[in-house]
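Engineer: This structure is in structure tokens; I'll ask about it shortly.
Read the figures in this text as sums done on the coordinates, not as results from a lab. Quick caveat: nothing in here was measured; it's all calculated off a predicted structure. Cβ sites come from the backbone with ideal geometry, for glycine too, and all protein chains shown count toward neighbours.
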């Protein structure tokens, strides 16, 4: 007795299940969304950026207004009274300094200055370091040797020492006094920080230029500038984004260190100035009255620490999300 056979329908392209293709950035975003620490860090970074932009609207008081001895050394909200014997005032949630100035307002205005001091140097460093690194790695030969020797000279210079030297020697010049010293600080920081990125981008260019799609572009007669801007640079964006996420907090800490030793941005007494104070200057002010108002120093330290940790979480998440070896 013959057995009945059932014929299965042959799979055709129209009947196969659709698997929508995802770009590299879509896959990276999907991996990043599963990293809760990175998402929290990103949200906090955005909050800091909004606080910097809208500092003048969010600040409850004029950051340079002197409320006098009656309002001096008021404690923050977590203390009922201060070592100076003052009781907490709800109008000043983070307390006041020795001149009765509102700590919360001064921190908000300091956020604006310190965020600018962290973001703008990164822009300059990326323009210099990425350009030199990609050019050196792609050209190779004597051009690579010359550019890397120049990079090694800058890489060997101690960053903090050169920053201090520049701020001391040029601090009283027209450039040092312009915009409370912000342009001088940005240029000095960018001038000593591009070498590390240049070496990183050179390594990325060396790895990419031997791949098949770059060789195909060369065989089709594409120019060097076209290959660098259309093939090598886009495939190095992931490395660049991660570097930026870790570089911004380093620059913010550098400004805080210089401000603490009195070589950072100049404080302003004009309420209409965009840059009135910075976190580095607040560290210096808070340390001088730590015995009478310890909450001031703790508040500034907490604000800086949260931002640095947030960038660290975000950078770690971006590094994992943009890693092509990640399969899930």
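Engineer: Could I get the Rg over Rh figure for the stretch 84-157? Both from C-alpha atoms, Rh via Kirkwood, rounded to two places.
Structural biologist: Result for the stretch 84-157 is an Rg/Rh of 1.42.
Engineer: Take the alpha carbon atoms of the stretch 184-240, find their center, do the same for the stretch 112-136, and report the distance between the two centers in whole angstrom.
Structural biologist: Each part reduced to its Cα centre gives a spacing of 14 Å.
Engineer: Here's something else I'd like to know. Residue separation times 0.36 nm, minus the C-alpha to C-alpha distance between residue 250 and residue 143: what's the value?
Structural biologist: Taking residue 250 through residue 143 to full extension adds about 35.5 nm, to one decimal.
Engineer: Quick one: if you stick a label point 7 Å off each Cα along the C-beta vector at residue 89 and residue 237, how many nm between them?
Structural biologist: 5.1 nm
Engineer: When only Cα pairs under 8 Å and 6 or more residues apart are kept, what is the percent relative contact order across the chain?
Structural biologist: Relative contact order here is 25 percent.
Engineer: Simple spin-label model, 7 Å along Cα-to-Cβ: residue 29 to residue 292 in nm?
Structural biologist: Modelled inter-label distance: 5.4 nm.
Engineer: Can you tell me which of 259, 129, 100 moves the most in a GNM of the chain? Springs connect C-alpha atoms under 10 Å apart.
Structural biologist: Comparing 259, 129, 100 in the GNM, the peak value goes to 100.
Engineer: Given the options 287, 109, 48, which has the most mean-square fluctuation in a GNM of the chain, springs set between C-alpha atoms less than 10 angstrom apart?
Structural biologist: Result for the chain, Cα springs under 10 Å: 287 fluctuates most.
Engineer: Only helical DSSP H runs with n ≥ 4 go in: add -39500 (n - 2.57) per run for the chain, normalise by residue count and round the 222 nm mean residue ellipticity to 500 deg cm²/dmol.
Structural biologist: Result for the chain: -19000 deg cm²/dmol, rounded to the nearest 500.
Engineer: How far, in nm, would the chain grow between residue 157 and residue 273 when pulled straight, counting 0.36 nm per residue and subtracting the alpha carbon separation?
Structural biologist: 38.4 nm
Engineer: Let me ask another. In nm, to one decimal, how far is the residue 49 label point from the residue 37 one, both placed 7 Å along Cα→Cβ?
Structural biologist: 2.2 nm
Engineer: State the extension gain, in nm to one decimal, for the chain segment bounded by residue 211 and residue 123, taking 0.36 nm per residue of separation less the distance between their alpha-carbons.
Structural biologist: The residue 211-residue 123 span can extend by a further 28.8 nm.
Engineer: I've got another one for you. Would you mind checking the radius of gyration and Dmax of the stretch 37-321 based on alpha-carbon positions, in Å?
Structural biologist: 22.5, 79
Engineer: Sort 30, 199 by Cβ crowding within 10 Å, fewest neighbours at the top.
Structural biologist: Ordered by Cβ neighbours within 10 Å, fewest first: 30, 199.
Engineer: Choose one answer from 256, 91, 38: the residue with the largest mean-square fluctuation in a GNM of the chain with alpha-carbon springs under 10 Å.
Structural biologist: Greatest mean-square fluctuation among the candidates belongs to 91.
Engineer: Based on the Cβ-Cβ distance from residue 150 to residue 309, what FRET efficiency comes out when R0 is 25 Å, to the nearest 0.05?
Structural biologist: 0.10
Engineer: Continuing with the same structure: What FRET efficiency, computed as 1/(1 + (r/R0)^6) with R0 = 35 Å and r the Cβ-Cβ distance, is obtained for residue 257 and residue 230, rounded to the nearest 0.05?
Structural biologist: 0.30
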